[in-house]
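The values are calculated or read from the model by the stated rules, or taken from the named source; none is laboratory data. Bear in mind that the values here come from a model prediction, so they are computed numbers and not experimental data. So basically every Cβ, Gly included, is an ideal-geometry build from the backbone, and we count neighbours across all protein chains shown. In case anyone asks, the SASA skips ligands and DNA or RNA and just uses the protein heavy atoms, side chains included. Shrake-Rupley method; radii C 1.70, N 1.55, O 1.52, S 1.80 Å.
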Protein chains: 2
Amino acid sequence: MSLIPIRPGAQSGGGRAPGPAAESERRDAARNRELLLCAAREIVEESGADALTMDRLAQRAGVGKGTVFRRFGSRAGLMMALLSGAEAEFQGRFMFGPPPVGPGAPPLERLIAVGAARISWILEFGELARAADASVYNRFDVPPAVLWHRHLEMLLREAGVTADPWLMASALGAALEPELLLHAVGVHGIAPERLAETWRELVTRVVGGG
Amino acid sequence: MSLIPIRPGAQSGGGRAPGPAAESERRDAARNRELLLCAAREIVEESGADALTMDRLAQRAGVGKGTVFRRFGSRAGLMMALLSGAEAEFQGRFMFGPPPVGPGAPPLERLIAVGAARISWILEFGELARAADASVYNRFDVPPAVLWHRHLEMLLREAGVTADPWLMASALGAALEPELLLHAVGVHGIAPERLAETWRELVTRVVGGG
DNA sequence: AATACAACCGGACCGCGGTCCGTTTAGCAT
DNA sequence: ATGCTAAACGGACCGCGGTCCGGTTGTATT
């Protein structure tokens, strides 16, 4: 594995950024990326994320398997690419959108609102999100996850929580993980509103208690 | 998958209970179970849980691969079998042990203490525990997980938390998951005492806030 | 237009977890 | 001891995610 990027936009680790095409990508490569993303969306829509196999995807898109891995690095990377639009939109909402999710509302209100928004987001895209969380790295150290964590941290600080903000954000963030929420709703039949309600309760107590 | 147990002690899903041998197990089967558990412990001790491959284990124990799966059902089942001793000991501590982890102390103190105990437990056995959490079922619906969850639920109720106890226990329990704790300690270098401290802070606020 | 080189491509290949099924064997009844 | 049956056994087999490498193709340069 080369430590020095071969050319601008390339990424170490054998894969490539899951986001939009890096600048200066060869035309056939760009074409195949679109082909693959399109075919992937079709498969997910038809049969769910679990049915999205790298071999199947390659066959469906009419390319070789190596090409799939060259473009997306791994199955998790592909899933992140599929999610990147929805993820960016969500980030935009809590960073620049209207209150109470976006800036402008008091921190506790923002925490409550952003949690509720996150819950509905996960109930919509959770299947993909879970598939994207294949490794520990993908779960915690990928840019969107870091951004989300930092945002929680900031809101907690603004709300006056003095205890270790990093760990506090981790603990609260763990309550919003896709695996947990999907399990609560899918297996135990918890209503989505209960999730948001309990989140409100939780975060209110944490912030209010001192 | 048959819904009716073939014989007492057998378990649906193609595997067998991860605990001690079911009554009336054929002698060669029992012998192989011990052989396998022993070989598995050796491999884990030598090279870590990630190096524990089903093929390798079978080869090392001198049995066929089919036998491994017959005995333990899956890799996760094997990991649970390896953990069952430590897990039972931990259960004993919070159910029947001396306070403040066991009964006899006020609920908030018990919550704090049992969380701290859980944290050290995970820092000791977390690698195996993480490997045992392969599927959603293994994470949430396996008997020890259910027992643990119920215990948290009970303590919260006793401490006067009125909000949905099941979800509250899920949220707080998520802050103690192996993947999260191991990541915090291993990647971010958080000191174990900080984990316990933050847990104390978290649970105190949740209980105290109303 | 010809050349050269880097990026790209495809598919054979690997090790993994898990399944299947023909064969062997333990335990019991006679 | 002998024979019967259900359980246990072993290893070939499968589909999966991921890697590798020899051949191909796009693109910049002259």
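From the list B:G97, B:G85, B:G104, the lone residue that is away from DNA strand C (no atom under 16 Å from the Cβ), open to solvent by 40 Å² or more (accessible area, probe 1.4 Å), more than 14 Å from chain A (Cβ to nearest Cβ) and closer than 27 Å to B:V206 by Cα is B:G104. Looking across the range A:154-210, the residues that are within 17 Å of the chain's Cα centre (by Cα), more than 7 Å from every other protein chain (Cβ to nearest Cβ) and assigned to a helix (DSSP H, G or I) come down to A:A169, A:L172, A:G173, A:P178, A:L181, A:L182.
Looking at B:L172, B:L167, B:L181, which one is in the same structural domain as B:E87 (by TED's automatic domain parsing), touching a Ser or Thr at 6+ places or on another chain (Cβ under 6 Å) and buried (at least 20 other Cβ atoms within 10 Å of the Cβ)?
On the way: B:L172 fails: touching a Ser or Thr at 6+ places or on another chain (Cβ under 6 Å); B:L181 fails: touching a Ser or Thr at 6+ places or on another chain (Cβ under 6 Å).
Going through B:L172, B:L167, B:L181 in turn, just one is in the same structural domain as B:E87 (by TED's automatic domain parsing), touching a Ser or Thr at 6+ places or on another chain (Cβ under 6 Å) and buried (at least 20 other Cβ atoms within 10 Å of the Cβ): B:L167.
All of B:G64, B:G73 fail the test of being more than 23 Å from B:R130 (Cα to Cα), within 16 Å of DNA strand D (Cβ to nearest atom) and open to solvent by less than 70 Å² (accessible area, probe 1.4 Å), apart from B:G64.
Identify the residue in the range A:50-61 that is more than 6 Å from DNA strand D (Cβ to nearest atom), more than 14 Å from chain B (Cβ to nearest Cβ) and in a helix (DSSP H, G or I) and, among all such residues, is surrounded by the most Cβ atoms within 10 Å (Cβ to Cβ). Working first, answer last.
Taking the range A:50-61 and keeping what is more than 6 Å from DNA strand D (Cβ to nearest atom), we get A:50-52, A:56-61.
This time we only want the ones that are more than 14 Å from chain B (Cβ to nearest Cβ), so: A:51-52, A:56-61.
Still in the running and in a helix (DSSP H, G or I): A:51, A:56-61.
Working: A:A51: 10, A:R56: 14, A:L57: 23, A:A58: 18, A:Q59: 13, A:R60: 17, A:A61: 21.
Here the answer is A:L57.
Considered as a group, the residues in the range A:22-41 that are within 11 Å of DNA strand D (Cβ to nearest atom) and open to solvent by 100 Å² or more (accessible area, probe 1.4 Å) include one that is modelled with the highest pLDDT, and that residue is A:R31.
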